[in-house]
Structure formats: C-alpha cells, structure tokens
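Undergrad: Sharing a structure with you now.
The values are calculated or read from the model by the stated rules, or taken from the named source; none is laboratory data. Owing to the predicted nature of the structure, the values given are computational and were not obtained by experimental measurement. Glycine also receives a Cβ, built like all others from the backbone with ideal geometry; neighbour counts cover every protein chain displayed.
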Amino acid sequence: MKVIATDIRKSDGEVLVLFECQAGRGVGKWSKGIDPQNGGVYDVELDIDKTITDLFLEKISELPIRSLMVKGDYLFISGLVEDVDGDGMAYFRISSDCLLMIECGETIFCKGEMITLKALSQDLLITAQGL
C-alpha cells in the first residue's frame with residue numbers, strides 16, 4: 001500500500017505516523033528501519049497483532065468512501081472479508097491496493113461480509129517495504 005506521511009510524532013522511543021492513502025487517513029506505529037519524513041511517500045505493509053473479534057465494531061451494509069478514518073486515539077477500518085481460510089485467517093480488503101491478513105478469533109466471519117474494526121492507533125504496525 002502506498003502512503004504519504006503527513007505527521008510524525010516521537011514519544012518514548014516509538015514513532016507514530018499519521019498517513020494518507022487511497023483508503024483514507026490512518027495512524028499507526030512505525031516499525032524499525034528508515035526514519036519516516038513528513039511528506040515522504042512509502043510502500044508499506046500494515047499489520048495488526050489482534051483478532052477481528054478483539055477489534056470488531058459492527059457489520060455494515062455498504063462500504064464507506066474512505067475505509068480508514070482516525071478519530072481521536074482510534075483508527076476505524078472498514079472493509080470486505082474477501083475470504084476466510086481453514087485456519088481462521090481472514091483476508092480483509094480495505095482498498096484495491098491493501099489486503100490485511102488478520103485472524104478471526106472466536107467470532108466466525110464469512111466471505112463477503114462487510115465490517116468495521118476499531119483499533120487503538122498503536123495497534124497498527126506500519127512497515128516500509130523495499131528498503
């Protein structure tokens with residue numbers, strides 16, 4: 001997924017990056033590697049080390065124009081469950097260039113369901129690729 005870093009905050013050895021992308025606006029913890037720069041464009045991978053059950057907010061009937069939104073300390077992620085494999089891993093499409101792989105957890109989700117997740121900004125890990 002291609003993102004543009006729009007604000008960078010460093011605190012206690014961690015770097016939180018606010019970014020814009022095709023899916024909307026997001027925020028997450030930048031992983032080790034290069035230091036992000038304001039206005040920098042990066043190809044990134046997004047990871048969440050929680051399950052859909054942990055983050056589930058609601059089922060939705062249609063996808064919003066922007067599938068990533070920041071409100072206060074929270075990141076709202078809306079998308080389509082494209083598939084669920086036999087091990088309970090969901091393939092969660094949030095934009096044409098971003099597919100999140102996330103464990104379902106205890107709740108059963110089905111292919112084709114549209115859902116919204118609510119995560120704390122530090123729950124999302126951003127890793128720059130190709131560096």
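Undergrad: What pairs come out if I take residues in segment 1-12 that are more than 18 Å from G24 (Cβ to Cβ) and in a strand (DSSP E or B) and pair them with residues that are β-branched (V, I, T) and at pLDDT 95 or above whose C-beta lies under 6 Å away, six or more apart or interchain?
TA: Correct list of pairs: I8/V17.
Undergrad: Closer than 21 Å to R93 by Cα and surrounded by 14 or more Cβ atoms within 10 Å (Cβ to Cβ): does that describe I48?
TA: Judged against the criteria, I48 is a match.
Undergrad: Can I ask one more? Residue check: is R66 free of Cβ contacts under 8 Å to residues at least 60 places away in the same chain and under 11 Å from the mean Cα position of the chain (by Cα)?
TA: Numbers: free of Cβ contacts under 8 Å to residues at least 60 places away in the same chain: yes; under 11 Å from the mean Cα position of the chain (by Cα): no.
In short, no.
Undergrad: May I ask you to list the residues in segment 30-60 that are part of a loop (DSSP other than H, G, I, E, B) and basic (K, R)?
TA: Within segment 30-60, K32, K50 qualify.
Undergrad: Being surrounded by 17 or more Cβ atoms within 10 Å (Cβ to Cβ), at pLDDT below 95 and touching a strand residue (DSSP E or B) at 6+ places or on another chain (Cβ under 9 Å): is that true of L100 here?
TA: yes
Undergrad: Kindly establish whether V27 is assigned to a strand (DSSP E or B) and within 14 Å of the chain's Cα centre (by Cα).
TA: Answer is yes for this residue.
Undergrad: Name the residue that is nearest to D43 (Cα to Cα), counting only residues in segment 80-103 that are more than 13 Å from the chain's Cα centre (by Cα) and of a type outside the set (A, V, I, L, M).
TA: Among residues in segment 80-103 that are more than 13 Å from the chain's Cα centre (by Cα) and of a type outside the set (A, V, I, L, M), the one nearest to D43 (Cα to Cα) is S96.
Undergrad: A further question on this structure: Given (1) farther than 21 Å from Q129 by Cβ; (2) out of contact with any Leu (no Cβ under 9 Å at 6 or more places or on another chain); (3) part of a loop (DSSP other than H, G, I, E, B), where does G112 come up short, assuming only one miss?
TA: (2)
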